[in-house]
Amino acid sequence: MPHYLALSAFYGLFFAALGVWLPFWPLYLKEIGFEAQAIGLAAALGQGIKVLGPPLWGHLADRGSRHRVTVFTSFATLLAFVPFFFMDNSLPFLLIAIAFYNFFHSSPMILVEATTMEVVEREGWNYGRIRLWGSLGFIVCSNTMGWVVGWWGLSSLLWTMLLLLGSHALLSLFLPRPTRHPPSGTHPPGSGLFHRPGVRWFYLSTLFMQFSHGAYYGFMSLHLAANGYSPTAIGALWGVGVVAEVVLLIYARDLVARLGVGRLLSFSLLMAVLRWGLFSLTVSWPGLVLGQLLHAFTFGAFHVSGVRRTFEMAPLHSRTTAQTWYSAFSYGLGGGLGLMLAGQLFSLGSTLLFGVMAAAASLGWLASQRSIHCFAQEPLKE
């Protein structure tokens, strides 16, 4: 299978599963008897496990075979999903199952990101054009799943996820093998990475950005459902955000070239402040659609520039390790803390909930400004 096709399909299937999981998993948990605080705790644990899983798998990948670790974690994710079929409203069971699933699920895409960036550099491809297939997969599934749930109920989520995860695992066998870069000297992969102030400020900015998404990823669907939106409408609104993301990804390389990685990161954080501010003030269609269009920057532009920054600042033999720490600090620690706080704030209303998220994005913007300043004064690689 040609490398371009394999990578594009891998992104498509991975994010197709997220297009099912993110909008509808909180609704499914509510239907089987879990309260908002329990849902927030489970979501926070799932994100928090990303602090442990990715660095471990990244270290093994840089020390051994990145492709082998990617295949293993992809098939392990499929097997780890099976316990959800036997779940009732037991919170301990839910937390154990979530931790087990996310320990594996958090890693395949991060490992592939490092490989994709290497192939893009070597072949002169456009990263955004490969990554947009993930966004298209998300759109198709988030919109289709709203219709499926309307006909067959929320339990159809489990079978859909199993099908997507199985296809995703099989596809991992056909991914390109990454270029091997043995560590120089006796230094382990990633050593020295955190000695640079710019790296520390960059990771802190990503932590605050994903913290600010806690209310969106954990409770946006419940928030919309509580205000009268149907599953189909909820899926459509999620889809609007990803359509905007796709458009941005098409032109992402030009944006990075024009603005630079640091400025694009900072601008994306400012757009997050605006987006969460909108959600704190309105539940009307125009306001929600406008807020969803800003997903182009708060996820699309931020992700492209974040992955690029991580690739640039990492030594050759530590690229996987650097990507996994990016995930651990942002999606793991930041996302986990944001989800945990959102679970506590959800019952107090959307004004406070999304207002806190806007404040977190503001802190991320300040950290990104410090990062830009530091990177201007230091080399990016060892």
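The values are calculated or read from the model by the stated rules, or taken from the named source; none is laboratory data. The structure presented is a predicted model; accordingly, all values stated were derived computationally and were not measured. Cβ sites come from the backbone with ideal geometry, for glycine too, and all protein chains shown count toward neighbours. Note: accessible area is taken over every heavy atom of the protein model, side chains too, but ligands, DNA and RNA are not part of it. Shrake-Rupley method; radii C 1.70, N 1.55, O 1.52, S 1.80 Å.
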| request: Restrict the check to the stretch 129-148 and report whether at least one residue is at pLDDT 85 or above, open to solvent by less than 40 Å² (accessible area, probe 1.4 Å) and not in a helix (DSSP H, G or I). | output: no
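Tyr216: under 20 Å from Gln323 (Cβ atoms) and at pLDDT 85 or above, yes or no?
Working: under 20 Å from Gln323 (Cβ atoms): no; at pLDDT 85 or above: yes.
No: the conditions fail for Tyr216.
For the stretch 195-214, name all the residues that are assigned to a helix (DSSP H, G or I) and touching a Gly at 6+ places or on another chain (Cβ under 7 Å). So that I can check it myself, show each step before the final result.
Start the filter on the stretch 195-214 by keeping residues that are assigned to a helix (DSSP H, G or I), which leaves 195, 197-212, 214.
Within the stretch 195-214, Ser205, Thr206, Leu207, Phe208, Met209, Gln210, Phe211, Ser212, Gly214 qualify.
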| Hits in the stretch 70-95 - residues which are hydrophobic (A, V, I, L, M, F, W, C) and more than 24 Å from Leu163 (Cβ to Cβ) | Leu91, Leu95
| query | Does the stretch 126-149 contain at least one residue that is within 23 Å of Ala38 (Cβ to Cβ), out of contact with any Leu (no Cβ under 8 Å at 6 or more places or on another chain) and aliphatic (A, V, I, L, M)? | reply | no
| Going through the stretch 3-25 one residue at a time, which ones are open to solvent by 10 Å² or more (accessible area, probe 1.4 Å) and within 20 Å of Gly235 (Cβ to Cβ)? | Gly12, Leu13, Phe14, Phe15, Leu18, Trp21, Leu22, Trp25
| field | Lone unmet requirement of (1) of a type in the set (S, T, N, Q); (2) within 25 Å of Gly239 (Cβ to Cβ); (3) at pLDDT below 85 for Ser284 | value | (3)
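Here is a yes/no grid of residues against (1) small (Gly, Ala, Ser); (2) without any contact (Cβ under 8 Å) to a residue 60 or more places away in the chain:
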position: Leu348; (1), (2): no, yes
position: Thr351; (1), (2): no, no
position: Ser362; (1), (2): yes, no
position: Phe375; (1), (2): no, no
| query | Of all the residues that make up the stretch 347-378, how many are in contact with a helix residue (DSSP H, G or I) (Cβ under 9 Å, 6 or more places away or on another chain) and open to solvent by 50 Å² or more (accessible area, probe 1.4 Å)? | reply | 13
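Quick grid of which residues meet (1) open to solvent by less than 20 Å² (accessible area, probe 1.4 Å); (2) modelled with pLDDT of 80 or more; (3) part of a helix (DSSP H, G or I):
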site: Ala42; (1), (2), (3): yes, yes, yes
site: Gln47; (1), (2), (3): no, no, yes
site: Lys50; (1), (2), (3): no, no, yes
site: Arg68; (1), (2), (3): no, yes, yes
site: Ser74; (1), (2), (3): yes, yes, yes
site: Thr77; (1), (2), (3): yes, yes, yes
